[in-house]
Amino acid sequence: MSHPNTLLEPSGHQHRAPAGGEPPPGAAMDWTVPQHWDELTDEDHWVWDTLFARQKTLLHDKVISAFEEGLEVLNLSRPGVPNFDELNVNLGKRTGWKVVAVPSLIPDAVFFEHLANRRFPAGNFMRPPKQMDYLEEPDVFHDVFGHLPLLAQPAVADFMAELGNLGLKALKIGEVERIARLYWYTIEVGLAREDGRTKIYGAGIASSFGETHYSLESPRPHRLKFDLKRVLRTRYRPDDFQKSYFVIDRFEDVLNIVRENDFAALCAELEGLSDIDPKTANESELLAA
Ligand code: HBI
Ligand code: FE
């Protein structure tokens, strides 16, 4: 287990993104910037290689198999921070997605617009060595190592694009917080059953040494059977380990979550029902231990 005095990287990085502000200098209207891969330093590449080797080893048997397949398909084992142009050749062939560089968290509307168009916004910077285990904003390791392997899997790639569309619709009806919860409890900190065991698929956990251990081994968090209405009502803390994780039965069902539900109707149904604090859970909701 992790040492209590280590500043462990909570998977969370999503402090609410800037509101609909102007893009920073040097960024396009959609907040994208060139990756400037050739400006990455030896130290950046060293941090990538160090984090990659540690997580790849740690995740074996703890992450769903589709994640490890994605690492191979995208040839992410090659040394150094990946060049997005090279990555996009394989990724585009597999699922029509491409990774684009952004300098920071971007406004929800811009973020969802990218997802709806199969563009994944990834940080163009790498955390410094003294912050190996602490992450303020999503850097290239969180975004590329954590998110891209599953974007090479068609069902997830479609789910992510649908989430983008849902996010844009939710913004129009003032329900973006509910979509942010769905995104959070699946794409960022999702768990799934595979071969009779609970495994990781959320990028925030997969890219976090501390949360990989905590999400599967700690007795503290609740591990709840995935229930869409429960997810839409449950608050989350983006800057700490989770008090609750949701576990989907079969990872390949992830796409059905959005395909089989009418989101606007669900929001209407949940109108007036209180939010749920993630530190609470009923016995009946818990995954059988
Ligand atoms: N911006 N760059 C970036 N990366 C994210 O993961 C991100 C974001 N903006 C908003 C956001 N995520 C979350 O609030 C989503 O739930 C919308
Ligand atoms: Fe993320």
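The values are calculated or read from the model by the stated rules, or taken from the named source; none is laboratory data. Since the structure is predicted, the reported quantities are computational estimates derived from the model, not experimental observations. Don't worry about glycine lacking a Cβ; one is built from the backbone with ideal geometry, like all the others, and counts go over all protein chains shown. Surface accessibility is based on the protein's heavy atoms, side chains included, excluding ligands, DNA and RNA. Shrake-Rupley method; radii C 1.70, N 1.55, O 1.52, S 1.80 Å.
Scanning the stretch 203-226 for residues that are away from ligand 1 (no atom under 16 Å from the Cβ) and among the hydrophobic types (A, V, I, L, M, F, W, C) gives F209, L216, L224, F226. Among the candidates I200, I179, the residue that is within 16 Å of ligand 1 (Cβ to nearest atom) and at pLDDT 95 or above is uniquely I179. When you check D227 against the structure, is it touching a residue at least 40 places away in the same chain (Cβ under 8 Å), closer than 26 Å to E162 by Cα and open to solvent by 50 Å² or more (accessible area, probe 1.4 Å), yes or no? Yes: the conditions hold for D227. Within the option set L8, L74, L87, L40, being open to solvent by less than 40 Å² (accessible area, probe 1.4 Å), at pLDDT below 95 and more than 16 Å from ligand 2 (Cβ to nearest atom) holds for one residue only, L8.
The condition of being open to solvent by 10 Å² or more (accessible area, probe 1.4 Å), out of contact with any Ser or Thr (no Cβ under 6 Å at 6 or more places or on another chain) and hydrophobic (A, V, I, L, M, F, W, C) holds for only one of M126, M160, that being M126. Of the residues making up the stretch 103-123, those that are of a type in the set (G, A, S) and near ligand 1 (Cβ under 7 Å from one of its atoms) are S104, G123.
Looking across the stretch 167-179, the residues that are open to solvent by 10 Å² or more (accessible area, probe 1.4 Å) and touching a residue at least 60 places away in the same chain (Cβ under 8 Å) come down to K169, L171, I173, E175, V176, R178. Residues that are more than 13 Å from Q242 (Cβ to Cβ) and not in a loop (DSSP other than H, G, I, E, B) were ranked within the stretch 199-212; the one that is nearest to ligand 2 (Cβ to nearest atom) is A203. The residue pairs whose first member lies in the stretch 121-136 and is closer than 16 Å to W46 by Cα, whose second member is outside any loop (DSSP other than H, G, I, E, B) and within 14 Å of ligand 2 (Cβ to nearest atom), and whose beta carbons are closer than 9 Å, counting only pairs six or more residues apart or on different chains, are N124/V102; N124/V140; F125/V140; M126/V140; M126/F141; R127/V140; R127/F141; R127/H142.
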